1. For the structure I just gave you, tell me whether Arg177 is more than 16 Å from the ligand (Cβ to nearest atom) and surrounded by 21 or more Cβ atoms within 10 Å (Cβ to Cβ).
2. Among what's in the range 240-268 and is touching a residue at least 40 places away in the same chain (Cβ under 8 Å) and more than 19 Å from Val299 (Cβ to Cβ), pick the residue that is nearest to the chain's Cα centre (by Cα).
3. Taking the range 232-264 as the search range and keeping residues that are part of a strand (DSSP E or B) and among the hydrophobic types (A, V, I, L, M, F, W, C), which one is nearest to Met284 (Cα to Cα)?
4. Of the conditions (1) at pLDDT 90 or above; (2) within 13 Å of the ligand (Cβ to nearest atom), Val79 fails just one. Which one is it?
5. When both residues are 6+ apart or on different chains and their Cβ atoms are under 6 Å apart, which pairs have a first residue that lies in the range 283-310 and is assigned by TED's automatic domain parsing to the domain that holds Lys259 and small (Gly, Ala, Ser), and a second that is surrounded by 12 or more Cβ atoms within 10 Å (Cβ to Cβ) and modelled with pLDDT of 90 or more?
6. Would you check which residues across the range 1-54 are among the polar types (S, T, N, Q), crowded, with 16+ Cβ neighbours inside 10 Å and within 9 Å of the ligand (Cβ to nearest atom) and list them?
7. Which residue pairs have Cβ atoms under 6 Å apart, sit 6 or more places apart or on different chains, and have a first residue in the range 10-39 that is without any contact (Cβ under 8 Å) to a residue 40 or more places away in the chain and a second that is part of a strand (DSSP E or B) and more than 8 Å from the ligand (Cβ to nearest atom)?
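The values are calculated or read from the model by the stated rules, or taken from the named source; none is laboratory data. Remember, predicted model here, so these are calculated numbers, not experimental data. Note that each Cβ is placed from the backbone with ideal geometry, even for glycine, and that neighbours are counted across all protein chains shown.
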Amino acid sequence: MLELVDLSKKFKQMDAVKNLNMFIEKGEIIGLLGPNGAGKSTAISMLSSLIEPTKGDVRFQNKSMIKHPAPLRKVIGVVPQEIALYEDLTAEENMRFFGRIYRLRGTQLKKKIDEVLEQIGLTDRRKDIVKTFSGGMKRRLNIGVAMLHDPEIIIMDEPTVGIDPQSRNYILETVKRLNKEKQMTVLYTSHYMEEVEFLCDRIYIMDKGNLIASGTKDEIKRILSAEKTISIQAERWNDEFIEELKQNPTVNRVTVGEKEITVIIPKEVNMFSAIIRMAENADMELHSVDVQTPTLEDVFLHLTGRALRD
Ligand SMILES: Nc1ncnc2c1ncn2[C@@H]1O[C@H](COP(=O)(O)OP(=O)(O)OP(=O)(O)O)[C@@H](O)[C@H]1O
């Protein structure tokens, strides 16, 4: 339905997005994952024709949208990363204002506002001024505004950044529900692995402007099929222990965090007892040693050598 072909954007000499290829089918929830600065917002801006690509194409139902984006604009709703609401207006007044921009009027507009307020769980706060809303409620209203014209495709740019866990959960559940009940197609960008893992059918992972992996959750995790992760926790680390782990010929990679060490080893190797012995030799007390099934976070670590955290 929607396709990005070799889409690229250069800002001066910097490649914000480089040869991005992506497709979105009707009814899918697609995750676009990457750390800050990966190029996600730039990709979305090109997709929604807010900025022009340096190179490449955006194709909707097999037609290029670069020069004539109207058919695509009509069917997408974009939820920007920054909250775009009038703080001194009520929730309902904001919706009425944005609804008019989408050329909705009269009873049609009123009906739509009622429906969307219900979907985002703000019906009982409709008469309240946005200034009095929590961050999570503002985010929900921001999503509601993008849904007023009944878009077939909704594009969400990190909609859960900086909000409390409860609101975050509510937003994730709402996205799932809209997809299931209204067959809404969703492009969801995030730098939270667990969100994308929970929501999405297929995932694209970007880093520094490049697409570094894509596929279904299982396909992406299969990148790690030859490896497994052991996570070791302790109150403090002993250099001798870390050195011994790093020097161990069966270990592929060691990442040292403040309270946790992650060790990547081949799947067939059993290192559990060796780790306990190394800790004893180094006179170090372990809290736990867990063998983990791979997560998307591990995939990112594997592909880039860096953790995908703020
Ligand atoms: N208008 C612009 N002019 C110059 N550089 C830009 C512009 N917009 C984005 N960039 C740069 O392009 C790169 C990609 O930014 P982008 O905002 O697309 O990343 P992102 O993955 O969405 O991250 P974030 O979550 O921080 O927004 C960054 O290095 C950013 O500084």
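1. Numbers: more than 16 Å from the ligand (Cβ to nearest atom): yes; surrounded by 21 or more Cβ atoms within 10 Å (Cβ to Cβ): no.
Answer is no for this residue.
2. Ranking the candidates gives Phe241 first.
3. Ala234
4. Result: Val79 passes all but (2).
5. Here the result reads Ser288/Gln233, each pair linking the range 283-310 to a residue that is surrounded by 12 or more Cβ atoms within 10 Å (Cβ to Cβ) and modelled with pLDDT of 90 or more.
6. Within the range 1-54, the first condition is being among the polar types (S, T, N, Q), and the residues that meet it are 8, 13, 19, 21, 36, 41-42, 45, 48-49, 54.
Next, from what is left, pick out any that are crowded, with 16+ Cβ neighbours inside 10 Å: 8, 41-42, 45, 48-49.
The answer is Ser41, Thr42, Ser45.
7. Pairs that qualify, where the first residue is without any contact (Cβ under 8 Å) to a residue 40 or more places away in the chain and the partner is part of a strand (DSSP E or B) and more than 8 Å from the ligand (Cβ to nearest atom), are Phe23/Glu3.
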